[in-house]
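Every number here is computed from the coordinates shown, using simple stated rules; none is lab data. Note that the structure is a prediction, hence the values are computed from the model and not measured. Cβ sites come from the backbone with ideal geometry, for glycine too, and all protein chains shown count toward neighbours.
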There are 2 protein chains.
Amino acid sequence: MSALQKYDIYQAIADPTRREVLKLLAEKERPISEITSHFPMSRTAIAKHLHVLSEAELVVGKKVGREKRYRLQPEPFSELKQWLSYFDQFWGNKLSILKHVVEKGEKEELKVIKAEYES
Amino acid sequence: MSALQKYDIYQAIADPTRREVLKLLAEKERPISEITSHFPMSRTAIAKHLHVLSEAELVVGKKVGREKRYRLQPEPFSELKQWLSYFDQFWGNKLSILKHVVEKGEKEELKVIKAEYES
DNA sequence: TTAATATGAAACTAATTGGTTTCTCTTTTT
DNA sequence: AAAAAGAGAAACCAATTAGTTTCATATTAA
């Protein structure tokens, strides 16, 4: 997160409404009004949520005619994934090992996992 | 998150101090005062953060003599992981495919990935 | 047993958050 | 050209958050 950013991904996803907005935008690009129609609150409230998501770079908006269309920008999720992976050592599942392998690209470790899956 | 819970994992990890506390507790079990020594704020402030983390079930505390020792309870991370995995389709990396494989246990897909790694 | 340590709980505060309403501006539609 | 639709911006508000200070209680150490 740059110093100018007011919101990071952690704050952005803390709000349930914003998480729902992200799910909607995962399906497809949508203008503000269309997003608003899925929630029991005003357009301005949703617009503010979109600003937060935008500052966290989870979404990006472009103007099309009189509409502003937002789409998902999932890159920041990787930071969250990385943060989460730190705690995988205490979760002790195969997934955490696989993640480690994929991130580090260590083929030797992959062989061990392959062997486990084939046994 | 149960209905009685005031904080869920999303809110719990939104605060940078709480994320640091989690990292400290990932290393080992620690009493409140020892945790506090790592931060430029009062013990009561840290105690409150621990209450939040505790409600989110990310930590659990036990009384030992006059100390209250907290340790990590990483189970709630899996909910966050699951939520995150929904967006993997837009991230398009091998990791997301591997996660899918591991979670579903589909060996056939794993063979495809193995082939990719061996090429 | 007295002092020091570790914590809990309550009351208070400033800043932030998540919502509202109102007004304006731009763009489309009729 | 007039009306409708979509959005931005500002002002406002109540609740929540993240911190503080103070005081009380329990436990250990000297």
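Can you give the mean number of other chain Cβ atoms that lie within 10 Å of the Cβ atoms in peptide B:75-86?
Working: counts 2, 0, 6, 4, 0, 6, 11, 0, 5, 7, 3, 4.
What the average comes to for B:75-86 is 4.
Can you name the residue in chain A whose Cβ lies closest to the A-to-B rotation axis, and give that gap in whole Å?
That would be A:A14, 2.
At B:Q82, with labels set 7 Å past Cα in the Cβ direction, how many nm apart are the copies from this one, shortest first?
2.7
Region B:28-67: Rg/Rh from Cα coordinates, Kirkwood Rh?
Details: Rg = 10.0 Å, Rh = 10.6 Å.
So for region B:28-67, dividing Rg by the Kirkwood Rh gives 0.94.
Are there trypsin sites (Lys or Arg not before Pro) in region A:1-70 that DSSP marks as loop and that have at most 12 other Cβ atoms within 10 Å, and which are they? Don't skip to the end; give the middle numbers.
Values: sites: A:K6, A:R18, A:R19, A:K23, A:K28, A:R43, A:K48, A:K62, A:K63, A:R66, A:K68, A:R69; in loops: A:K6, A:K28, A:R66.
Those satisfying the criteria are A:K6, A:K28, A:R66.
Taking amide hydrogens as modeled 1.01 Å from N in the peptide plane, which residues meet the under 5 Å criterion relative to B:V59, leaving out close sequence neighbours?
B:S54, B:Q73
Ordered shortest first, which distances in nm separate the 7 Å Cα→C-beta label point of A:H51 from those of the other copies?
3.2
Set the Förster distance to 41 Å, then compute FRET efficiency between B:E27 and A:V64 from the Cβ-Cβ distance, nearest 0.05. Write out the running numbers ahead of the final one.
On the way: r = 50 Å, r/R0 = 1.22.
Once the sixth-power term is evaluated, E becomes 0.25.
Just to confirm the numbers: B:E20, label point 7 angstrom along the Cα-Cβ line, distances to the other copies in nm, shortest first?
3.5
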